[in-house]
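The values are calculated or read from the model by the stated rules, or taken from the named source; none is laboratory data. Quantities reported herein were computed from a predicted structural model and do not represent experimental measurements. No Cβ is skipped: glycine too gets one built from the backbone with ideal geometry, and neighbour counts run over all protein chains shown.
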Amino acid sequence: MKEPSALSHFRQRLSWDDLDKDAIRKLVRLAAEEDLYGKGLNNLPAKIGDQTTISMEVSGQGMATIVARESLVACGLPMLSLILEEFEVEDAAVENPKSDGDEVEIGETLAIISGAAVGLLAAERTLLNFIQRLSGVATASKAFVKVLSETKTDLLDTRKTTPGYRALEKYATATGGFFNHRYGLNDRILVKDNHLAANRATKGKRLAESVAKLKEKEPDLVIEVEVDCCEQVAPVLSAGVDAILLDNFSVEEVAEAVEEIKGRAVVEASGGIKLESARLYAEASPHFLSTGAPVHNSSWMDLGLDWTKS
């Protein structure tokens with residue numbers, strides 16, 4: 001069966017080099033200011049800085065390892081240097097025995113950090129928070145990828161991300177093996193049920209005409225339409241849509257829609273896709289399953305920062 005021409009637009013993954021480092025620094029700076037200055041509160045604390053380390057008069061150089069306390073997929077390791085910079089750790093250095101995307105076993109070291117001890121201690125929680133969160137998303141993503149192994153169906157992430165953390169979380173899903181769906185509202189046309197309802201174009205000729213107008217207006221953008229019943233597939237196809245999102249279809253309905261579409265459009269199945277059901281949906285042979293579960297259902301990975309030298 002011939003592949004849809006728009007398929008290549010869906011098979012894209014963010015790399016670390018694609019991310020805006022200044023935007024990431026702003027997130028790190030906010031985290032540092034929360035810890036050191038009480039950022040976010042109306043009544044700021046009377047004292048600033050790491051009072052424990054200051055009171056104990058910590059000095060000199062230090063070294064610590066970031067160690068896996070459970071099996072995981074590493075993600076966010078390039079952030080370590082950025083975080084140490086934002087905490088102004090003197091003589092900071094990072095060594096990475098592991099790279100993003102590596103599967104790490106219990107007890108293995110992901111990174112070794114060194115520098116002024118006072119700075120390392122202040123940065124500890126922020127370092128772990130970012131890496132634990134992103135590794136959790138990457139690990140959950142990898143679990144979906146493994147479930148779909150040896151099928152013809154790939155995985156897409158969603159825009160169900162933590163506000164402000166979209167780039168990092170989409171990078172984490174890509175690290176785990178997902179492809180990235182549209183980044184925002186501006187880079188693809190995705191007509192959802194509420195768009196159709198607002199335009200009074202939910203079925204038949206009106207639906208086909210509405211989609212056809214989009215194709216004329218925006219020939220350079222991929223146009224995908226969400227359908228929530230089998231009767232909407234034919235009108236959308238007749239308008240020459242690039243992709244069809246089957247929303248909350250049963251496995252049997254997905255199989256029927258795939259057979260009807262016959263490769264004339266990219267087929268994406270979404271809505272309540274869970275790890276336990278993903279394989280069944282993949283066996284219905286849509287091009288993609290999309291799910292936000294690796295972001296909103298993932299757990300933080302258990303990592304430890306172990307002090308090794310003072």
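Assorted remarks:
- Checked against (1) in contact with a strand residue (DSSP E or B) (Cβ under 6 Å, 6 or more places away or on another chain); (2) touching a residue at least 24 places away in the same chain (Cβ under 8 Å), Thr291 passes all but a single condition, namely (1).
- The residues on offer are Val28, Val73, and the sole one that is more than 27 Å from Ala117 (Cα to Cα), modelled with pLDDT of 95 or more and among the hydrophobic types (A, V, I, L, M, F, W, C) is Val73.
- Answer from Arg11, Arg25 - the residue that is within 21 Å of the chain's Cα centre (by Cα), surrounded by fewer than 14 Cβ atoms within 10 Å (Cβ to Cβ) and not small (Gly, Ala, Ser): Arg11
- Of all residues in segment 167-195, those satisfying the criterion of being assigned to a loop (DSSP other than H, G, I, E, B) and crowded, with 22+ Cβ neighbours inside 10 Å are Gly176, Phe178, His181.
- Only one of the numbered conditions (1) surrounded by fewer than 18 Cβ atoms within 10 Å (Cβ to Cβ); (2) over 18 Å from Ala6 (Cβ atoms) is violated by Lys217, and that is (2).
- Considering Ser299, Ser250, Ser270, the condition of being over 17 Å from the mean Cα position of the chain (by Cα) and among the small types (Gly, Ala, Ser) is satisfied by Ser250 alone.
- Within segment 237-254, the residues that satisfy the criterion of being part of a helix (DSSP H, G or I) and either surrounded by fewer than 18 Cβ atoms within 10 Å (Cβ to Cβ) or among the β-branched types (Val, Ile, Thr) (or both) are Ser238, Val251, Glu252, Glu253, Val254.
Here is a yes/no grid of residues against (1) under 27 Å from Pro286 (Cβ atoms); (2) buried (at least 18 other Cβ atoms within 10 Å of the Cβ):
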residue	(1), (2)
Glu88	no, no
Gly101	yes, no
Thr109	no, no
Gly115	no, yes
Gly119	no, yes
Ser135	no, yes
Leu156	yes, yes
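- Members of segment 255-277 that are closer than 17 Å to Leu148 by Cα, in contact with a helix residue (DSSP H, G or I) (Cβ under 7 Å, 6 or more places away or on another chain) and surrounded by fewer than 23 Cβ atoms within 10 Å (Cβ to Cβ): Ile273, Lys274, Leu275
- Against the conditions (1) at positive phi; (2) of a type outside the set (A, V, I, L, M); (3) in contact with a helix residue (DSSP H, G or I) (Cβ under 9 Å, 6 or more places away or on another chain), Phe87 satisfies every one except (1).
- Index of the failed condition, Val225 passing every other in (1) under 21 Å from the mean Cα position of the chain (by Cα); (2) surrounded by 17 or more Cβ atoms within 10 Å (Cβ to Cβ); (3) in contact (Cβ under 8 Å) with a residue 24 or more places away in the chain: (1)
- Selection status of Ala201, crowded, with 19+ Cβ neighbours inside 10 Å, farther than 21 Å from Lys274 by Cβ and not basic (Lys, Arg): yes
- Test: Ala6 is touching a residue at least 24 places away in the same chain (Cβ under 8 Å) and in contact with a strand residue (DSSP E or B) (Cβ under 9 Å, 6 or more places away or on another chain): yes
- Search result, residues across segment 42-86 that are small (Gly, Ala, Ser), surrounded by fewer than 16 Cβ atoms within 10 Å (Cβ to Cβ) and more than 23 Å from the chain's Cα centre (by Cα): Ala46, Gly49, Ser55, Ser59, Gly60
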